[in-house]
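Following: one structure in structure tokens, then a few remarks.
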Amino acid sequence: MRSLTRLVALLAGALACSSGVAPSSTSRTYRLGFSSTPPRLTIESVIQTINTWETRADIALINQGVPWRALLADTSAAELVRRDLKDLEVHYHGRGMPLIVEIDVTDGLARDREAPDLVALGRSISEPAVQQKYREYIAAIDSILHPEFLGLAMEVNLIRAIAPPSVYAAVVTMTAGGENTLVAQSSAAKRFVSVQVETAWGRLPDVGHFVGINTERADFPYIEALGLSSYPYLAGFANPNDVPIDYYARLNSSDATALPMLVVEGGWSSGSVSGVTSSPALQALWIKRQMQIADRAALVAVTQITFTDLDLSSYPAPPGSILSLFGLLGLVDINFNPKPALAEWDRAFARPLRTN
């Protein structure tokens with residue numbers, strides 16, 4: 001899934017609010033936050049989205065696809081970042097929120113494919129010229145937005161599992177080039193790639209046993225943190241309490257050195273979708289369970305891309321898209337009416353943050 005870019009950036013300066021949540025006595029190791037993705041593609045909707053979740057967050061997320069068309073048309077990467085994202089970064093950092101920026105280099109709704117814009121152009125991330133544009137964009141993201149965490153690619157283990165081997169190989173090569181660029185410009189961001197938790201557990205696709213991420217840790221040896229993508233309702237879990245308490249922590253038991261981990265996308269549908277039966281009560285139970293799982297793993301952040309549900313009529317999607325599976329992940333509905341899950345999130349946010 002991808003958040004808005006230019007539309008969101010125009011609005012950041014208009015937003016200001018404060019939290020009135022009373023803390024509890026049990027501290028948490030992880031910051032909590034969302035991205036700016038609104039229920040509808042309107043200016044008013046974006047403003048209301050950010051303005052509402054800011055009262056219950058202490059980290060911000062930008063989930064960004066590479067603007068391949070513009071980059072390959074020779075638009076400057078720095079120009080694109082300043083135009084689309086800089087005002088949003090200024091707003092978040094101005095509120096004292098650390099910033100996670102994660103870059104999606106393939107098709108976020110079909111990990112067996114390259115990005116739709118590249119496919120439409122007949123181009124590929126296997127091309128050196130395309131990889132160079134990625135490096136330029138990563139460098140601009142880092143030098144202009146100064147994120148605390150910078151994700152170089154998303155759900156890399158799922159790409160390895162279901163995409164052609166050439167696509168995964170290109171992701172490995174391209175992100176390594178991006179890392180070299182960031183080292184050369186003395187980046188202070190903690191670099192990461194994200195892995196799909198259900199894939200690591202052998203549930204998506206279903207292989208019947210825990211797979212782990214040893215291969216990915218070897219293929220991306222330079223990462224300083226590990227991003228997690230987790231949608232357990234799509235992987236056969238009927239009840240959130242069935243999700244193992246070490247669901248995240250076990251990913252740090254690989255052969256490599258343990259890394260700080262952060263959830264950079266995920267959630268549980270509040271309603272039934274194709275192949276899945278759910279309810280608002282089950283979604284609330286997931287938020288409660290997720291915080292227990294996050295506590296066990298001592299995460300550094302738990303975020304969702306969507307704070308609100310999505311009005312799917314506002315989001316154009318190609319035939320066969322799986323976007324509808326993610327339309328009811330919000331803690332509020334498309335009209336900002338709260339769901340029971342919001343109260344569970346607020347209870348977690350009320351816990352004092354332990355930062356050392």
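The values are calculated or read from the model by the stated rules, or taken from the named source; none is laboratory data. None of these values were measured; they are calculated from a predicted model. Backbone-built Cβ (ideal geometry, glycine too); neighbour counts: all protein chains shown. What goes into the accessible areas is simple: the full protein's heavy atoms, side chains included, and nothing from ligands, DNA or RNA. Shrake-Rupley method; radii C 1.70, N 1.55, O 1.52, S 1.80 Å.
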Practice problem: State the percent of C-alpha pairs, over all pairs in the stretch 33-157, separated by a distance greater than 19 angstrom. | Solution: 52
Quiz prompt | Spread of Cα-to-Cα distances over 5 Å intervals beginning at zero, given as percent, for the stretch 206-356 | solution = 2, 8, 17, 20, 19, 15, 11, 6, 1, 0
Quiz prompt | Estimated FRET transfer efficiency (ASN335, LYS288; beta-carbon r; R0 30 Å; 0.05) | solution = 0.80
Practice problem: Would you mind checking the stretch 261-289 for residues with the amide N under 11 Å from a putative spin-label position 7 Å along Cα→C-beta of THR26? | Solution: 288-289
Self-check item: Alpha-carbon Rg/Rh ratio, for the stretch 101-159, with Rh computed the Kirkwood way
Solution: 0.98
Practice problem: Between LEU41 and SER279, with labels modelled 7 Å along Cα→Cβ, what's the label distance in nm to one decimal, could you check? | Solution: 3.5
Quiz prompt | Accessible area of the chain belonging to carbon and sulfur atoms, whole % at 1.4 Å probe | solution = 53
Quiz item: Per residue, how much accessible area does the chain have with a 1.4 Å probe, in Å²?
Solution: 38
Quiz item: Say we join alpha carbon atoms closer than 10 Å with springs in a Gaussian network model of the chain; which of ILE245, ILE138, ILE322 then has the biggest fluctuation?
Solution: ILE322
Quiz item: GNM on the chain, C-alpha springs below 10 Å: top fluctuator among PRO319, PRO98, PRO260?
Solution: PRO319
Quiz item: Taking only the alpha-carbon positions of the chain and ignoring solvent, what does the Debye formula give for the base-10 log of I(q)/I(0) at q = 0.08, 0.12 Å⁻¹?
Solution: -0.35, -0.84
Quiz item: Rounded to the nearest 500 deg cm²/dmol, what is the calculated helix-only ellipticity per residue at 222 nm for the chain, with -39500 (n - 2.57) per DSSP H run of length n ≥ 4?
Solution: -10000 deg cm²/dmol
Exercise. For an R0 of 41 angstrom, estimate the FRET efficiency from the Cβ-Cβ distance between ALA73 and THR355 and round to the nearest 0.05.
Key: 0.40
Practice problem: For GLU224, GLU179, write out the residues from largest to smallest accessible area, computed with a 1.4 angstrom probe and no ligands counted. | Solution: GLU224, GLU179
Practice problem: Check every DSSP H run in the chain and write down those whose alpha carbon atoms cover 20 angstrom or more along the long axis and whose mean Kyte-Doolittle hydropathy is -0.5 or greater. | Solution: 165-184, 280-297
